[in-house]
Amino acid sequence: MTATTVAAAPLAGTAVRAVGDTVPVRVAASRLRALGCAVERVGGRPPTSAPAGRIDLVTGPAGTSPPAGCDLAWSPPSVPLADERDVQAACGLAYLHGRTRGGPRFLPVDYASLCAGALAAQAVAVAALTLLRGGPALRASVSVAGAALLAVAPYTAEATTTRTPPPPVPGEPPPFRSADGVRFEIETLDPEAWLRFWEALGAPTAAIAAGWAPFQRRFATAVCPLPAALFAALASVPFTAVRDLAREHGVGAVPLRPLAEVTDGAEEPPRRLRGLDAPPGPDLPPWSATGPGPLAGLRVVEATNRVQGPLAGLLLTLLGADTVRVEPPGGDPMRGVPPLAGGLSARFAAFNRGKEAVECDLRAAGGRRAAADLAVDGHVLLYNWPPGRAERFGLGADDLTDRAPGLVHVHADGWAGAEPSPGVPATDFLVQAHGGIADLLFDGVTDPAPSLVTLTDVLGGILAAEAALAGLLLRSRTGVGASARTALVDAARLLRQVGRGIAHRPRTGTAPVADPASVARTFPEAFTRAHGVALPRAPWTFVPLTGEGH
């Protein structure tokens, strides 16, 4: 097999058998196939030992036939759940998706099953990587409920602090509507840009001030009650004027696109994985039987913020990698966002527990050198900076090739070159709007709107972790590092691919709807506690078939 073939498909030469005609199995099969794995589909009902499906590794990366793979369940045995609707109810997704409208609403797409399928594909990739590192065959298990609990982890962490939640604030959530009837979302992370934009529209000062806090916090709360005066200001002008004012003042404005208008012409993540033009580096460290997980001995250097990047780093950490975060002087500002527990933001802790942190001032030459030294000593460099920033810091793939020819570079991007217009920030709700997700989620009750649950951020983080594993597989097979790029638009694409086939079908589950605080009590085995806060455990379990489990 040539290096070029492996570079295009890091699982080339492997084969799996996918058992069961379920959404998690179909998603896992498609993710593995995209990485070059041959997939034999076996339809019908899954086995009783894996009620949501099973993936068996039939041919390993070295031509072996190991009894490795991944079993899928709907939920842990302690909380029997029957299907996606049960999972959305019991794990808090229905509560959070409906929170902004005042009552539970189910996502009309099998989101938890989609995430579980992607996690199952990762488990198979980890099994293949373990064999290449001289380890045993691994049998993994993952549940659809476990994937849902990972998705709601920051909400659960916040809900389990001792803080009394603030009372509800009156107001309506976006999207907005212009004078010519265009429905759209806006985005800015800068309070000065927020102020300038609304002042230019002539909105009342009191409404501008009152709207900033709920707008900024909507990522954390899944609600966004805004003053009516802001909607009125936007409803008085056509969308072209809104867009021009937004661009002038540093705000993104994106129309909600109908699903029928969205095409999938952009590159998918497997086609953005390439081997570096470098000589082979040293072998990866051998598999460790005593480490914290199957990636023990591997080091991840992470420079990320918010949700997508930190979640990708958390997944690699929960797989056993030693992860160090590169943070600005004074630490990541998200560390101090209330509510705090033990002096640390509960939401920050949800996706960053178990990681070290090193402060580097990347605006200064010394800080950039320190960050480069960290990266060179690692196996994966993970970042979610805007395009081009890694190169400006001297941390791009070409910048570090001579010193670290085996390094796997993973860029967790937003638009991946498919932005609706220059300068539009790539955040979850804008990607949902532009990617047709608002239309996909239309339930026939309210007007189409993006979910205020961070759907593409979470799925985007899972896909970025997948890219890191693909790069490590490539490194293990060729000795050469890799550059991978994945993005929030890839998460939107995957949502469309799954949702177009199954959205709006009847749901049969009967589990009661749970809020995030009660979720932690219902699934205690899915969380660990730090200062009383419920933080997520690994969504997989791995059992070495020739030794003890991790």
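The values are calculated or read from the model by the stated rules, or taken from the named source; none is laboratory data. Computed from a predicted model, the values in this text were never measured in an experiment. Because the Cβ atoms are built from the backbone with ideal geometry, glycine has one as well, and the counts that use them run over all protein chains shown. Keep in mind that these areas ignore ligands, DNA and RNA; they rest on the heavy atoms of the full protein, side chains included. Shrake-Rupley method; radii C 1.70, N 1.55, O 1.52, S 1.80 Å.
Amide hydrogen proximity for Glu359: with H placed 1.01 Å from N in the peptide plane, the residues at 5 or more positions away or on another chain lying under 5 Å are Glu327. Sum up the charges of everything whose Cβ sits under 14 Å from the Cβ of Asp56, counting Lys and Arg as +1 and Asp and Glu as -1, but leave Asp56 out. Around Asp56, the surrounding residues sum to +2.
Using per-residue counts of other Cβ atoms within 10 Å, averaged over each peptide, order 392-405, 82-95 from highest down. Before the final figure, lay out the partial values.
Numbers: 392-405: 17.4, 82-95: 25.9.
Most protected by this proxy first, the peptides run 82-95, 392-405.
Less than 5 angstrom separates the built amide H of Ala487 from those of Asp413, all sequence-distant by 5 or more or on a different chain.
For the stretch 1-159, the spread of Cα positions along the three principal axes, ordered from largest to smallest, is 57, 32, 26 Å. Against the chain, whose longest principal axis is taken from its Cα atoms, helix 205-221 shows a tilt of about 20°. Return, ordered by residue number, the residues of the stretch 471-488 whose backbone nitrogen is under 19 Å from a label point located 7 Å along Cα→Cβ of Arg271. Answer for this model: 471, 483-488.
Counting only the Cα atoms, the chain fills a convex hull of 141 Å³ per residue.
Tally up the carbon and sulfur contribution to the accessible surface of the stretch 393-474 as a whole percent, 1.4 Å probe, everything protein left in place.
Details: 980 of 1980 Å².
The computed percentage sits at 49.
Highest mean packing first, where packing is the average number of other Cβ atoms within 10 Å per residue, the peptides 248-259, 440-451 line up as 248-259, 440-451. Give me the Debye-computed log₁₀ of I(q)/I(0) at q = 0.12, 0.15, 0.18, 0.25 Å⁻¹ for the stretch 187-265, equal point scatterers on Cα only, no solvent, two decimals. Normalising to I(0) and taking log10 leaves -0.38, -0.57, -0.79, -1.27. Relative to the dominant Cα principal axis of the chain, helix 455-478 is inclined by about 30°.
If you count only protein heavy atoms with a 1.4 Å probe, what accessible area per residue comes out for the chain, rounded to a whole Å²?
On the way: 20420 Å² over 550 residues.
I get 37 Å² per residue for the chain.
If each DSSP helix of 4+ residues adds -39,500 (n - 2.57) and the sum is divided by the residues in the chain, what number results at 222 nm, nearest 500 deg cm²/dmol?
Values: 21 runs with 209 residues, N = 550.
So the calculated ellipticity at 222 nm is -11000 deg cm²/dmol.
Ordering of 300-312, 212-224, 153-165 by packing is 300-312, 153-165, 212-224, highest average first (other Cβ atoms within 10 Å, averaged per residue). Placing R0 at 35 angstrom, the Cβ-Cβ distance between Ala357 and Val237 gives a FRET efficiency of 0.20 after rounding to 0.05. In this view, the solvent-accessible surface of His434, computed with a 1.4 Å probe and all protein chains in place, comes to about 30 Å².
Can you tally the net charge around Gly423? Count Lys and Arg as +1, Asp and Glu as -1, for every other residue whose Cβ sits under 14 Å from the Cβ of Gly423.
Numbers: positive: Arg243, Arg247; negative: Glu187, Asp190, Asp244, Glu248, Glu419.
Once all neighbours under 14 Å are counted, the net charge is -3.
Note on Ala200/Thr263: beta-carbon distance plugged into 1/(1 + (r/R0)^6) with R0 of 45 Å gives a FRET efficiency of 0.85.
Please state, rounded to one decimal and in Å, the Kirkwood hydrodynamic radius that the stretch 421-533 gives when every pair of distinct Cα atoms enters the mean of 1/r.
On the way: mean 1/r = 0.0579 Å⁻¹.
So the Kirkwood estimate lands at 17.3 Å.
Between Thr162 and Asp443, what is the FRET efficiency for a Förster distance of 30 Å, r being their Cβ-Cβ separation, to the nearest 0.05?
Given R0 = 30 Å and the Cβ-Cβ separation, E is 0.30.
Entry note, the chain: relative contact order of 21 percent, from Cα contacts under 8 Å with a spacing of 6+ residues. Axis angle, to the nearest 10 degrees, between helix 488-502 and the longest C-alpha principal axis of the chain: 90 degrees. Between Ala209 and Glu40, residue separation times 0.36 nm minus the direct Cα-Cα distance comes to 55.1 nm.
Applied to the stretch 66-83, the Karplus parametrisation 6.51 cos²θ - 1.76 cosθ + 1.60 on θ = phi - 60° returns per-residue 3J(HN,Hα) values of x, x, 8, x, 9, 9, 10, 10, 6, 6, x, x, 5, 10, x, 10, 9, 6 Hz, with x for Gly and Pro.
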